[in-house]
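**Q** Structure provided below as structure tokens; questions to follow.
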Amino acid sequence: MKEIVLSGIRATGNLHLGNYYGALNKFVKMQEDYDSLFFIADLHALTTHPDPKTLHTNVKNILAEYLAAGVDPEKATIFVQSDVPEISELYLLLNMHVGIGELMRTASFKDKARKQLGIKSDNDENIEKEIIGTDSNKRVNAGLLTYPTLMAVDILIQKAHKVPVGKDQEQHLELTRRFARRFNSYYGVDLFPEPENFNFGGNAVKVPGLDGSGKMGKSEGNCIYLIDEEKVLRKKVMRAVTDEGPQAPNSPISAPIQNLFTLMELTSAPEVVQQFKDAYADCSIRYGDLKKQLAEDILKVTLPIRQRILDIQNDDEYLARVVRQGAERARERAAKTLSEVREIMGIKKFY
Ligand code: ADP
Ligand code: TRP
């Protein structure tokens, strides 16, 4: 039997190069060899973006982007999280075995709680007090706290073995493994496998932004989107932060320039990267040329995807067919796991 792969992306906006290299292009490769499920996490999106005006459009965009990037509904199960109501029930049941302390210590919870409360410093001590607080206008929603339970349920309900995600999700996977172990051992069963991240043998990928700082991310405002028009994309790359250039031969490479090289390593041919690295080493590099080349090579990846997104995104009938079929398949397994869990936990019917 093939191993089961599952991953999802939250419906909070369009997909960018970080999502593509961190997750999406692994989905496309993995669907060839694994029993794969890829979904759009609309319930998770509600923890930070509870906006009924944009939610459905965001789900639709991500669905079109999955398909345009090459996720194939004939090879993989593609579904929307909320189309599988079994997830919501298991989320309630699993929460009985999850500690509020361990959830409060999760890094992503602390970050997002800080944002919801408008706290700037990363001093953890105050956060707990602020969360419990007394000001009823300031609150951190409980869905955000239990985000890792919901993510664990997405994975465990399908009994997935491998979960391709970027580096930032590793703590959530660690919690998922812990919850699986805890459930199995509390009830003396061997129900849930312990899932692991998957990167084709390499390290988890972190795609940098164009602003010289950390990772590319929606909330960082430093993204190149798969849907970006050619002109917009070129402009973004040409505006990327650089430095004053190497001052002496073989100088160390500064962070903003290393970011450009990292993007180039993902999108350009190895000899092209080498040519620019050599030019950096002998101080003949011109950042304008580097950026032009980088824009060219990114466009080779994104433009065909953009074209397919535009072709697919208004084909409502096709999109509906894909997710209807996906939901059926995903629900079949989810329902089986849920009934096993109900039985194990002692929930029995009178009739
Ligand atoms: P964002 O950080 O832009 O909000 P998400 O949290 O929705 O993106 O991430 C969806 C998937 O893409 C996850 O698997 C995440 O690890 C991956 N991902 C997001 N940004 C990056 C990045 N800059 N580098 C590598 N992977 C990333
Ligand atoms: N938390 C993930 C993110 O922010 C999205 C996600 C939700 C997910 N459920 C999942 C990823 C299950 C993998 C498996 O990117």
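**Q** What pairs from K112/K348; K26/K215; K110/K162 go past 29 Å between their alpha carbons?
**A** K112/K348
**Q** Which value, in nm² and rounded to one decimal, describes the direction-averaged projected area of the C-alpha convex hull of the range 1-66?
**A** 4.7 nm²
**Q** Give me the accessible area per residue for the range 141-182, probe 1.4 Å, as a whole number in Å².
**A** 30 Å²
**Q** Taking the radius of gyration and the Kirkwood hydrodynamic radius from Cα positions alone, what is the Rg/Rh ratio for the range 184-246, to two decimal places?
**A** My calculation puts Rg/Rh at 1.29.
**Q** Separate question: In the chain, what % of DSSP beta bridges are antiparallel (nearest 5)?
**A** Antiparallel: roughly 10 percent of the beta bridges in the chain.
**Q** May I ask for the equivalent-ellipsoid semi-axes of the chain, computed as the square root of five times each C-alpha gyration tensor eigenvalue and listed largest first in whole Å?
**A** 38, 25, 19
**Q** What translational D, rounded to a whole number of µm²/s, comes out for the range 228-310 from Stokes-Einstein when the hydrodynamic radius is the Kirkwood one over Cα pairs, at 20 °C and 1.002 mPa s?
**A** In µm²/s, the coefficient is 160.
**Q** Tell me, what is the per residue accessible area of the range 228-310 in Å², probe radius 1.4 Å?
**A** 54 Å²
**Q** Compute the acute angle (0 to 90°) between the alpha-carbon long axis of helix 270-281 and the principal axis of greatest extent of the alpha-carbon atoms of the chain; round to the nearest 10°.
**A** 60 degrees
**Q** Using the Kirkwood radius over C-alpha pairs as Rh, can you work out the diffusion coefficient of the range 62-213 via Stokes-Einstein at 37 °C, viscosity 0.692 mPa s, in µm² per second?
**A** Diffusion coefficient, whole number: 185 µm²/s.
**Q** Hey, another quick one. Using 0.36 nm per residue, how much length does the chain from H56 to Q274 gain when fully extended, once their Cα-Cα distance is taken away?
**A** Separation in residues times 0.36 nm, less the Cα-Cα distance, equals 74.1 nm.
**Q** Points 7 angstrom from Cα along the Cβ direction at D135 and E229: gap in nanometres?
**A** Placing both labels 7 Å beyond Cα along the Cβ direction yields 4.2 nm.
**Q** Show that you can apply the helix-only estimate: for the chain, add -39,500 (n - 2.57) for every DSSP H stretch of four or more residues, divide by all residues, and state [θ] at 222 nm to the nearest 500.
**A** It lands at -16500 deg cm²/dmol.
**Q** Relative to the longest principal axis of the C-alpha atoms of the chain, give the angle of the C-alpha long axis of helix 147-156, reported between 0 and 90° and rounded to the nearest 10°.
**A** Around 80 degrees separate the two axes.
**Q** Give the lysines whose C-alpha is closer than 18 Å to that of K231, dropping any in the same chain fewer than 8 places away, or say none.
**A** Leaving aside lysines fewer than 8 places away in the same chain, those within reach of K231 are K291, K292, K300.
**Q** If the only charges are +1 at each Lys and Arg Cβ and -1 at each Asp and Glu Cβ, what is the size of the charge dipole of the range 228-310 around the Cα centre, to the nearest 20 debye?
**A** Using Cβ point charges on Lys, Arg, Asp and Glu, the range 228-310 gives about 440 debye.
**Q** Mind checking the angle between helix 85-95 and the chain's longest principal axis? C-alpha axes, 0 to 90 degrees, to the nearest 10.
**A** 80 degrees
**Q** Sticking with this structure for a sec: Counting only protein heavy atoms and a 1.4 Å probe, tell me what percentage of the chain's accessible area is made up of carbon and sulfur.
**A** Carbon-and-sulfur percentage of accessible area, whole number: 50.
The values are calculated or read from the model by the stated rules, or taken from the named source; none is laboratory data. In this text the structure is predicted, and so the values were computed from the model without any measurement. Cβ sites come from the backbone with ideal geometry, for glycine too, and all protein chains shown count toward neighbours. Ligands, DNA and RNA are excluded from the accessible area calculation, which covers all protein heavy atoms including side chains. Shrake-Rupley method; radii C 1.70, N 1.55, O 1.52, S 1.80 Å.
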